[in-house]
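K.L.:
Following this message is one structure expressed as structure tokens.
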Amino acid sequence: MIARSGSRRRRTHTDAAHAYDDIVRLFQTIRASVAFCRDGFDAAKGDVVVATGWQTVARALNAVHFRTRCYLVQDFEASFHAMGSRALMAEWTYTQDLGCICAGPWLARTLRRQFGRWTRQFDLALEHEVYYPSKDDRRPGKDNGRGPRRSQKRIVLYARSGTARRAVELALLALEHLAANGADIHVDLFGEEDTATRAPFPCVSHGILNAKELAELYRGADIGICFSATNYSLVPQEMMACGLPVVEIDAESTRAVFPDGVVTFAGPHPLAIASDLSRLLQDAPRRRRQAAAALAWVAPFNWEASARAVERSLLERLGLRPSGRRTAAVARPIGEPPKVTVCIPTYNGGRLLRQVVARVRSQRAPWPFDMVIIDSSSTDGSIRRLLADAMPEAPPLQVATIAQAEFQHGRTRNLCADMARGELVAFLTQDALPADDFWLYNLVTMLERFPRAAGAFGRHVAWPSASPFVKRELDEHFAGLARAGLVLSRDTDRELWRAGDPEWRQVLHFFSDNNACLRRCIWQQVPYPELVFGEDQAWADGIIRLGYEKVYVPSAVVYHSHDHGADEAFARAETEAQFFAGVFGYQVYDPARGFDDQLAAIQYADTGWARSHGISQQQLERQLVLNEARLRGRASGARRALEGAGG
């Protein structure tokens with residue numbers, strides 16, 4: 001038997017601002033206004049009103065001031081409920097005169113044939129920059145403590161049991177049967193905060209993972225399972241894009257989507273599923289053939305194409321034609337100043353600098369922008385090659401050279417901002433690569449949304465090659481910032497501000513100009529302090545004290561991380577400790593507690609985390625060495641700060 005615990009929690013919104021915050025935090029940055037239906041929706045006017053679930057169809061039907069009404073149908077929601085009021089009401093919505101824009105061919109065909117609806121379809125898609133196959137045949141995560149042994153086959157299961165259409169019980173019973181009959185398997189479960197507490201087979205419950213974590217999980221597995229008893233899920237495609245052969249339920253809805261050879265179809269019974277899984281587990285060539293066919297099949301799918309399909313459907317319903325325009329990087333017309341200047345200080349930036357600049361040039365925005373690079377007399381030829389890469393249609397690039405000895409974090413960025421022509425100044429470093437073509441748009445959009453904000457900063461994610469501890473640290477840090485609130489000021493919590501709470505102060509003044517955007521008019525009033533370290537956080541502290549806001553933009557993402565050695569970790573921690581003590585007056589090291597006690601607590605926590613997440617012993621041992629180096633650095637920095645203050 002398989003024991004379960006926990007339940008899913010529903011999040012409610014207190015006001016429209018709270019709802020907008022969640023949209024940006026959990027999904028993406030949008031320019032649209034957000035309002036509750038109770039706040040005047042019946043009087044709203046426009047071209048199209050779109051219902052996105054059966055519960056909203058009645059609202060859409062009553063919206064009389066729109067030219068047409070549409071229904072974004074993502075699944076056959078009548079099947080979500082036992083036959084009764086909800087099932088009947090959901091099915092009733094398919095009989096109404098709405099243009100149905102459907103996720104996939106099965107839904108479009110079903111609503112057209114059974115209910116006579118006008119239907120168009122779009123494809124579920126994926127982010128290919130996140131979901132991609134492993135570069136070699138070695139599966140990460142093998143021989144790693146609690147994880148699978150090298151001889152075990154690793155199966156990853158979408159175990160969202162709170163959603164009945166995922167048929168998770170069928171998969172779990174099939175896996176139980178496999179294990180009872182001698183299959184050497186290890187199962188990774190994900191999709192629910194509390195998935196399985198006990199199971200009759202080796203397993204790890206990963207809970208709810210972000211996209212990057214999911215991709216790494218898929219790349220480390222041998223088979224993926226995601227069942228869809230109604231319309232298909234996008235999860236199998238993400239698995240396929242990572243080179244994973246997938247097992248799906250054999251149903252009309254899945255047959256309508258997946259061609260032969262792309263998935264293994266299993267009958268909807270535990271013994272049938274176990275039999276098909278067993279054959280796939282024992283046939284490595286078949287797994288490779290299926291994975292290759294699936295990878296080729298998912299290659300054309302992308303969310304922009306799907307969004308364009310939805311746009312065409314809306315325009316067709318309105319009797320209009322799509323313009324065919326594509327939001328792209330806009331070169332500055334002669335005489336027109338850019339809206340944004342992107343500033344990058346650099347020294348011997350090499351190939352990565354060229355990648356960063358190329359990604360900036362590819363940014364898609366409805367306004368012009370340009371770039372300024374401050375080079376500290378590079379000797380690697382990177383600036384010469386960068387200028388040779390320039391194209392006439394690319395955003396303008398200005399390069400200024402300073403002596404290497406003149407570089408200083410605060411002063412050099414002030415020079416860059418002084419040269420900027422845009423009303424906004426975005427900052428990157430030479431080793432911070434924007435993750436997509438909307439990095440700049442997302443930063444600017446959020447600054448425009450909040451006019452009292454002096455600056456905005458985005459999220460950092462670790463490079464794929466980074467250690468799991470570095471990835472964890474960055475993910476947890478920025479997740480904590482998102483929980484604190486996307487827009488913060490001294491008025492967010494006046495009581496904590498007046499009390500000078502050190503933890504709250506650290507949240508308020510955290511800012512990273514590795515990935516940021518400032519209002520130039522406010523920078524002119526409050527330039528960066530000329531510090532050798534921490535100029536961005538000191539600047540943020542200054543604007544917060546003056547009553548301005550700062551904005552965190554989760555969707556403005558850069559790849560930026562460092563796998564320091566022990567000496568580098570010591571030096572960085574020492575500098576940070578001196579900075580926080582000298583500039584903000586608080587300690588990051590507690591001398592009263594004792595070095596050994598602090599270190600023991602850190603090592604115990606990381607050892608437990610490594611074992612629960614299948615981290616190799618070698619990676620753990622390296623982390624334990626770094627932990628000690630960092631703690632010694634903090635102790636040294638705190639001592640130096642005290643000595644410098646005459647203590």
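The values are calculated or read from the model by the stated rules, or taken from the named source; none is laboratory data. Since the structure is predicted, the reported quantities are computational estimates derived from the model, not experimental observations. Virtual Cβ from ideal backbone geometry, glycine too; neighbours counted across all protein chains shown. For the accessible areas, the whole protein counts, side chains as well, though only heavy atoms, and no ligand, DNA or RNA atoms are used. Shrake-Rupley method; radii C 1.70, N 1.55, O 1.52, S 1.80 Å.
K.L.:
Please tell me if V588 is in contact with an Asp or Glu (Cβ under 7 Å, 6 or more places away or on another chain) and modelled with pLDDT under 95. Spell out the reasoning first.
P.N.:
On the way: in contact with an Asp or Glu (Cβ under 7 Å, 6 or more places away or on another chain): yes; modelled with pLDDT under 95: yes.
When the stated conditions are applied, V588 passes them.
K.L.:
Same structure, new question: Look through region 386-424, keep the residues that are assigned to a loop (DSSP other than H, G, I, E, B) and acidic (D, E), and return whichever of them is modelled with the highest pLDDT. Steps first, answer last, please.
P.N.:
So in region 386-424, the residues assigned to a loop (DSSP other than H, G, I, E, B) come out as 389-396, 402-403, 407-408, 420-423.
Checking which are acidic (D, E) leaves us with 389, 393, 423.
On the way: D389: 78, E393: 72, E423: 96.
Taking the candidates together, the pick is E423.
K.L.:
Output the number of residues of region 217-231 satisfying the condition of being over 16 Å from L189 (Cβ atoms) and touching a Cys at 6+ places or on another chain (Cβ under 9 Å). Reasoning before the result, please.
P.N.:
At the first step, the residues of region 217-231 found to be over 16 Å from L189 (Cβ atoms) are 219, 228-231.
Going one step further and asking which of them are touching a Cys at 6+ places or on another chain (Cβ under 9 Å), we end up with 219, 231.
The total comes to 2.
K.L.:
Turning to a different aspect of this structure: Examine region 539-548 for a residue that is within 21 Å of L443 (Cα to Cα) and under 25 Å from the mean Cα position of the chain (by Cα), and state whether such a residue exists. Can you show your working first?
P.N.:
From region 539-548, those within 21 Å of L443 (Cα to Cα) are 539-544, 547-548; that's our starting set.
From what is left, the residues that are under 25 Å from the mean Cα position of the chain (by Cα) are 540.
Scanning region 539-548 turns up at least one residue that is within 21 Å of L443 (Cα to Cα) and under 25 Å from the mean Cα position of the chain (by Cα).
K.L.:
Count, please, the residues in region 417-464 that happen to be closer than 19 Å to L353 by Cα and of a type in the set (S, T, N, Q).
P.N.:
Here the count works out to 2.
K.L.:
Pick from region 453-473 the residues that are open to solvent by less than 30 Å² (accessible area, probe 1.4 Å) and in a helix (DSSP H, G or I): which of them is nearest to I615 (Cα to Cα)?
P.N.:
To start, the set of residues in region 453-473 that are open to solvent by less than 30 Å² (accessible area, probe 1.4 Å) comprises 453-458, 460-462, 466-471.
If we keep only those that are in a helix (DSSP H, G or I) as well, we get 468-471.
Values: P468: 8, F469: 9, V470: 13, K471: 12 Å.
In this case the residue turns out to be P468.
K.L.:
Still on this model: Could you please let me know if R166 is closer than 23 Å to A294 by Cβ and open to solvent by 30 Å² or more (accessible area, probe 1.4 Å)? Give the derivation first.
P.N.:
On the way: closer than 23 Å to A294 by Cβ: yes; open to solvent by 30 Å² or more (accessible area, probe 1.4 Å): no.
Taking the combined requirement at face value, the residue does not satisfy it.
K.L.:
Same structure again: Would you pick out the residues in region 381-398 that are open to solvent by 50 Å² or more (accessible area, probe 1.4 Å) and not polar (S, T, N, Q)? Step through it out loud before you land on a result.
P.N.:
Taking region 381-398 and keeping what is open to solvent by 50 Å² or more (accessible area, probe 1.4 Å), we get 384-385, 387-393, 398.
R384, R385, L387, A388, D389, A390, M391, P392, E393, listed by residue number.
K.L.:
Same structure again: Looking at (1) closer than 26 Å to C203 by Cα; (2) open to solvent by 60 Å² or more (accessible area, probe 1.4 Å); (3) hydrophobic (A, V, I, L, M, F, W, C), can you tell me which one L620 breaks?
P.N.:
(2)
K.L.:
Looking at P268 and the list (1) in a helix (DSSP H, G or I); (2) open to solvent by 30 Å² or more (accessible area, probe 1.4 Å); (3) closer than 22 Å to L173 by Cβ; (4) in contact (Cβ under 8 Å) with a residue 12 or more places away in the chain, which single condition is not satisfied?
P.N.:
(1)
K.L.:
So, in region 497-513, how many residues would count as being part of a helix (DSSP H, G or I) and either closer than 19 Å to Y548 by Cβ or open to solvent by less than 50 Å² (accessible area, probe 1.4 Å) (or both)?
P.N.:
Taking region 497-513 as the starting set, the residues that turn out to be part of a helix (DSSP H, G or I) are 497-499, 502-509.
Then drop every residue that is not either closer than 19 Å to Y548 by Cβ or open to solvent by less than 50 Å² (accessible area, probe 1.4 Å) (or both), which leaves 497-498, 504-509.
Of the residues in that region, 8 qualify.
K.L.:
Looking at region 549-566, which of its residues are more than 17 Å from the chain's Cα centre (by Cα) and open to solvent by 20 Å² or more (accessible area, probe 1.4 Å)?
P.N.:
Answer for region 549-566, where residues must be more than 17 Å from the chain's Cα centre (by Cα) and open to solvent by 20 Å² or more (accessible area, probe 1.4 Å): E549, H562, D563, H564, G565, A566.
This table checks each residue for (1) in contact with a Ser or Thr (Cβ under 6 Å, 6 or more places away or on another chain); (2) at pLDDT 95 or above; (3) farther than 30 Å from L189 by Cα; (4) buried (at least 17 other Cβ atoms within 10 Å of the Cβ).
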site: G534; (1), (2), (3), (4): no, no, yes, yes
site: G547; (1), (2), (3), (4): no, yes, yes, no
site: E568; (1), (2), (3), (4): no, yes, yes, no
site: E576; (1), (2), (3), (4): no, no, yes, yes
site: G582; (1), (2), (3), (4): no, no, yes, no
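K.L.:
Here's something else I'd like to know. Within the set of pairs 6+ apart or on separate chains, which have a first residue in region 485-496 that is part of a helix (DSSP H, G or I), a second that is of a type in the set (F, W, Y), and C-beta atoms under 7 Å apart?
P.N.:
Between residues of region 485-496 that are part of a helix (DSSP H, G or I) and residues that are of a type in the set (F, W, Y), the close pairs are L496/W504.
K.L.:
Further question: Considering only residues that are in contact (Cβ under 8 Å) with a residue 60 or more places away in the chain and assigned to a helix (DSSP H, G or I), look in region 514-529 and name the one that is surrounded by the most Cβ atoms within 10 Å (Cβ to Cβ). It would help to see each step written out before you state the result.
P.N.:
At the first step, the residues of region 514-529 found to be in contact (Cβ under 8 Å) with a residue 60 or more places away in the chain are 514-523, 526-529.
From what's left, assigned to a helix (DSSP H, G or I): 520-523.
Numbers: R520: 16, C521: 10, I522: 16, W523: 21.
Taking the candidates together, the pick is W523.
K.L.:
Just to be sure, is R593 without any contact (Cβ under 8 Å) to a residue 12 or more places away in the chain and basic (K, R)?
P.N.:
Yes.
K.L.:
Looking only at region 289-312, how many residues end up being in contact (Cβ under 8 Å) with a residue 24 or more places away in the chain, open to solvent by 50 Å² or more (accessible area, probe 1.4 Å) and under 30 Å from A179 (Cβ atoms)?
P.N.:
The total comes to 2.
K.L.:
Going by the conditions given, is T230 more than 25 Å from the chain's Cα centre (by Cα), outside any loop (DSSP other than H, G, I, E, B) and modelled with pLDDT of 95 or more? Break it down stepwise before answering.
P.N.:
Numbers: more than 25 Å from the chain's Cα centre (by Cα): yes; outside any loop (DSSP other than H, G, I, E, B): no; modelled with pLDDT of 95 or more: yes.
Considered against the rule, which asks whether it is more than 25 Å from the chain's Cα centre (by Cα), outside any loop (DSSP other than H, G, I, E, B) and modelled with pLDDT of 95 or more, T230 comes out as no.
K.L.:
Now a separate question. For F595, all conditions in the list (1) over 27 Å from A426 (Cβ atoms); (2) surrounded by fewer than 14 Cβ atoms within 10 Å (Cβ to Cβ) hold save one; what is the number of the exception?
P.N.:
(2)
K.L.:
Just checking, which of V558, V532 is closer than 30 Å to W439 by Cβ, part of a loop (DSSP other than H, G, I, E, B) and β-branched (V, I, T)?
P.N.:
Working: V558 fails: part of a loop (DSSP other than H, G, I, E, B).
After ruling out the rest, the residue left standing is V532.
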